[in-house]
Amino acid sequence: MFDACYNNYVKINVHTFEGTEPEFVLKTVFGYDSFRQNQKKIIQSVLSGKDTLAIMPTGGGKSICYQIPALIFEGVTVIVSPLISLMQDQVSSLETAGIHSVFLNSSLSWDEYKKSMDEIRAGQVKMIYVSPEGLSTEKIRTLLSSQEIKVDCITIDEAHCVSQWGHDFRPDYMEIGSFRALFPDAVMIALTATATENVRQDIIKNLRLKKPEIFISSFNRENIFLQVAPKKNSLDQIVQCIKDYDGESGIIYCNSRRTVDQLAQALIDLGFSAINYHAGLNDDVRAKNQDDFVKGKVLIVVATIAFGMGINKPDVRFVINYDLPKSLEEYYQEIGRAGRDGLPATALLLYSAGDINKVRFFFESSADPRKAEARLQGMINFATAVSCRRRILLGYFGEAYDPKKSNKACCCDICAGGEIPEIDVTVMVQKLLCCIIRTQERFGSTYVIDVLLGSRQKRITDNGHNMISTWGIGRELCKDDWFTLIDLCIAAGLLTKYGEYNILHITEDGYSVLSTREKIMLPLRITSAGGADARDIEGAGGGGGNGMLFPKPGAEKPAFIVHKKADGRKVIAEKPGADDERGEKIITELKAWRRHKADDMNVPPYIIFGDKTLYDLAAKKPTDKQSLFGIYGIGEAKVEQFGKAIIAVIEDVMKETEND
């Protein structure tokens, strides 16, 4: 089965698996005992020659769905991937699993490019990664059309890039259809993590899929805790999240380069291991910063959305959105970079109503501002939710979710804090609506709230609004609670916002409840009283809360952390057996060995083994190479290449601790 060992890797003959069963390839190459949701069905669809569209969450195992058929097919599989870094990562992963594959892109010298083409012609390669731009070149089309090469499968990764409804449209993806016409007998599989119904239809049309089988896996990433917090003392909020995952990797997304640079420097000044990443940096600096993060040399990257699509780093423990994303598709894609290994992670969104106008500023360059606004409204609904955020997020993608039936007790900050009870807000809503009327429905939330709180700002006195009857009558609530109440009124259909400046407008229902003095019950949690009379508000209680955007006081995140190191640092573990001292020591030593080996091979540590594999090794403590075949994520090539070293590390720890 094994070819010669070269380029630091043990090689499996790529023709070994032609005509075999998917389960055999899964275990032998990748070291997994069973398929995840829909993986086997997707693979069977592709192997039967049916065009296939697979919607699977980030970290859901999309690559397996084309890599296993690629090894079973007689011919080659062409994988269209949007970023060089993503191609390099996939090829490195395959190489460590014993499967020789290549990418053809501008990062190669001509000699390297020619060598890869020669290997393809010689039948030494099953998987060929190319960019959508490269796919349209005569050089690649001529190569793949040669008589000695049979193209059995065309794979389109990040297929949402072909849709203008998507959040990451790339015009070069529109040329894929013409390439497919050159290979009418090849089956095509399109893969993406985010696709609404509109995006799915665009993918089918623009890629010219022929009556495709469509598989939609659950978008639910239960290991990611969803949290939204009002943006107050934002640096302190970020630092607290980092400390919750001390020594672990994280990504912080910002909407501007300036904010990225300032926040990264602030974290560095506080002693954190952090770097910046955005398109304003020169190519060498950007490449080095990404490489340092991927290889674990730096723990935190502060970045614009230019960062991430090509990142396959599975051990990112937190993703923080410092600014409001433009859409739930973009948000889901970004938080999906957390916890790809299935271990616990946190997605924290810092929300400010002021972020909305900043996002709308970019709509001027949008291909369709109406679509952009519709996507933004979905994001706002999520950020201002008063019920389970996961239900809202999944509902956006057409998936029903009931938090009461979840396998985990807490799925988001709202569920963790307990359902927010409805309270009588009739008087407060009447004051709000009356103030909007007295100011002629000409202003946005901030102005109306300032009037309610009795502000003497120049713009208010110039307009004479310090003389109207509603000036200063809203001091029973703080400013943030008034913003929350406005969001609740919008959700209840009493108010709408319109225009560039989000002018508040009362709906027919709003006028109706005002005229009938109907009792209004809404799930408002009072955060802090603006005046003494707040104590008399029904349901306010004595201690208030922390806002509808945050768990109530004392609420804890899910109990994901199962034990601590001797120095008090938290350690995330999934296997109960990894909770013993020897197991802990094995994890520490294996991580040190993995780091050294990864440096020798010039690859990220997770390419060698993921953390889940280390935890399984620590739990089972195998004593010989044969027992390594029962470890999660270790296939034959990795046993052959790394087995002896792994067993040696475990034996050393066992001997060292046997008298403890």
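The values are calculated or read from the model by the stated rules, or taken from the named source; none is laboratory data. Keep in mind that what you see is a predicted model, and the values were worked out from it rather than measured. Neighbour counts run over all protein chains shown; Cβ positions are idealised from the backbone, glycine included. To get the accessible areas, we keep the full protein, side chains included, count just its heavy atoms, and leave off ligands, DNA and RNA. Shrake-Rupley method; radii C 1.70, N 1.55, O 1.52, S 1.80 Å.
Please count, across segment 209-350, the pairs of lysine residues with Cα atoms under 21 Å apart that sit 8 or more places apart or on different chains.
Number of lysine pairs found: 11.
Over segment 137-282, what is the relative contact order in percent, taking alpha-carbon pairs closer than 8 angstrom and at least six residues apart?
Relative contact order here is 17 percent.
Would you work out which of 52, 143, 516 lies farthest towards the positive end of the dipole of the chain, given +1 charges on the beta-carbon of Lys and Arg and -1 on that of Asp and Glu, about the Cα centre?
After comparing all options, I get 516.
Could you point to the label whose value was computed as Cα extents along the principal axes in Å for the structure here, given [x] 84, 75, 55; [y] 87, 68, 46; [z] 111, 65, 54?
Given [x] 84, 75, 55; [y] 87, 68, 46; [z] 111, 65, 54, the structure-derived one carries the label [y].
Dipole of the chain (Lys/Arg Cβ +1, Asp/Glu Cβ -1, origin at the Cα centre): which of 465, 96, 319 lies farthest to the positive side?
Value: 465.
With a 1.4 Å probe and all protein chains left in place, how much accessible area per residue does segment 256-309 have, in Å²?
48 Å²
Report, in debye and to the nearest 20, how large the dipole of segment 197-331 comes out about its Cα centre when Lys and Arg carry +1 and Asp and Glu carry -1 on their Cβ.
Details: 18 positive and 18 negative charges, 97 e Å.
It works out to roughly 460 debye.
Kindly identify segment 247-304 as rounded, prolate or oblate by the Cα gyration tensor criterion: order the square roots of the eigenvalues as a ≥ b ≥ c, call it rounded if a/c is under 1.5, otherwise compare a/b with b/c, prolate if a/b is larger, else oblate.
Taking the square roots of the gyration eigenvalues as a ≥ b ≥ c, segment 247-304 is oblate.
Give the carbon-plus-sulfur fraction of the accessible surface of segment 208-311 in %, rounded to a whole number; probe 1.4 Å, heavy atoms of protein chains only.
Using a 1.4 Å probe with all protein chains present, segment 208-311 comes out at 47 percent carbon and sulfur.
Give me the three principal axis extents of segment 160-296 from the C-alpha atoms, as integers in angstrom, largest value leading.
58, 36, 25
State, to one decimal in nm, how far the label point of residue 400 lies from the label point of residue 185, with both points 7 Å from Cα in the Cβ direction.
With each label point 7 Å from Cα toward Cβ, the separation is 4.5 nm.
Show me 253-262, 179-188 ranked by packing, highest mean number of other Cβ atoms within 10 Å first.
So the order, starting with the most tightly packed, is 253-262, 179-188.
With every protein chain left in place and a probe of 1.4 Å, what is the accessible surface of residue 431, to the nearest 10 Å²?
It works out to around 50 Å².
Express the carbon and sulfur contribution to the solvent-accessible surface of segment 61-201 as a percent, rounded to the nearest whole number, probe 1.4 angstrom.
Answer for segment 61-201: carbon and sulfur cover 49 percent of the accessible area.
Quick one: angle between helix 234-244 and the longest Cα principal axis of the chain, in degrees between 0 and 90, rounded to 10, please.
The angle comes out near 40 degrees.
Using only DSSP helix segments of four residues or longer, with each worth -39500 (n - 2.57), what per-residue ellipticity at 222 nm results for the chain after dividing by its residue count and rounding to 500?
The helix contribution divided over the chain gives -11500 deg cm²/dmol.
Going 7 Å from the Cα of residue 232 toward and past its Cβ, which residues in segment 470-484 have a backbone nitrogen under 11 Å from where you end up?
478-481
Relative contact order, percent, of segment 205-359 when contacts are C-alpha pairs under 8 Å separated by at least 6 residues?
Details: 243 pairs, mean separation 48.5, N = 155.
The value is 31 percent.
Using the Cα centre of segment 112-212 as the reference point, and only Cβ charges (+1 on K/R, -1 on D/E), how large is the resulting charge dipole? Debye, rounded to the nearest 20. Don't skip to the answer; put the middle values down first.
Working: 14 positive and 15 negative charges, 67 e Å.
Computed charge dipole of segment 112-212: roughly 320 debye.
Let me spell out the model: positive unit charges on the Cβ of Lys and Arg, negative unit charges on the Cβ of Asp and Glu, origin at the Cα centre of segment 420-461. What dipole size does that give, in debye rounded to 20?
Working: 6 positive and 4 negative charges, 82 e Å.
Here the size comes out at about 400 debye.
Quick one: Debye curve from the C-alpha atoms of segment 113-189, no solvent, what's log10 I(q)/I(0) at q = 0.16, 0.19, 0.22 Å⁻¹?
Debye intensities relative to I(0), on a log10 scale: -0.62, -0.85, -1.08.
Over the Cα atoms of segment 1-89, how large are the radius of gyration and the largest Cα-Cα distance (Dmax), in Å?
Gyration radius and largest Cα-Cα distance of segment 1-89: 13.8, 38 Å.
Please state the relative contact order of the chain as a whole percent: Cα pairs under 8 Å, 6+ residues apart?
Rounded, it is 13 percent for the chain.
Per residue, how many Å² of accessible area does segment 438-509 show with a 1.4 Å probe?
The answer is 47 Å² per residue.
Quick one: accessible area per residue over segment 1-84, 1.4 Å probe, rounded to a whole number of Å²?
So segment 1-84 comes to 37 Å² accessible per residue, rounded to a whole number.
For segment 207-265, place one equal point scatterer on every Cα, skip the solvent, and apply the Debye formula. What is log10 of I(q)/I(0) at q = 0.13, 0.22, 0.24, 0.26 Å⁻¹?
-0.59, -1.08, -1.21, -1.31
Just going by the charge dipole of the chain, with Lys and Arg at +1 and Asp and Glu at -1 on Cβ, which of 247, 128, 650 is farthest out on the positive end?
In the chain, that residue is 247.
On alpha-carbon atoms, Rg over Rh for segment 267-336 using Kirkwood Rh?
Rounded to two decimals, Rg over Rh is 0.94.
How large a share of the accessible area of segment 473-529, in percent, is made up of carbon and sulfur atoms when the probe is 1.4 Å and the other protein chains stay in place?
53 percent
What are the extents of the Cα atoms of segment 39-80 along their three principal axes, in Å, largest first?
29, 17, 16
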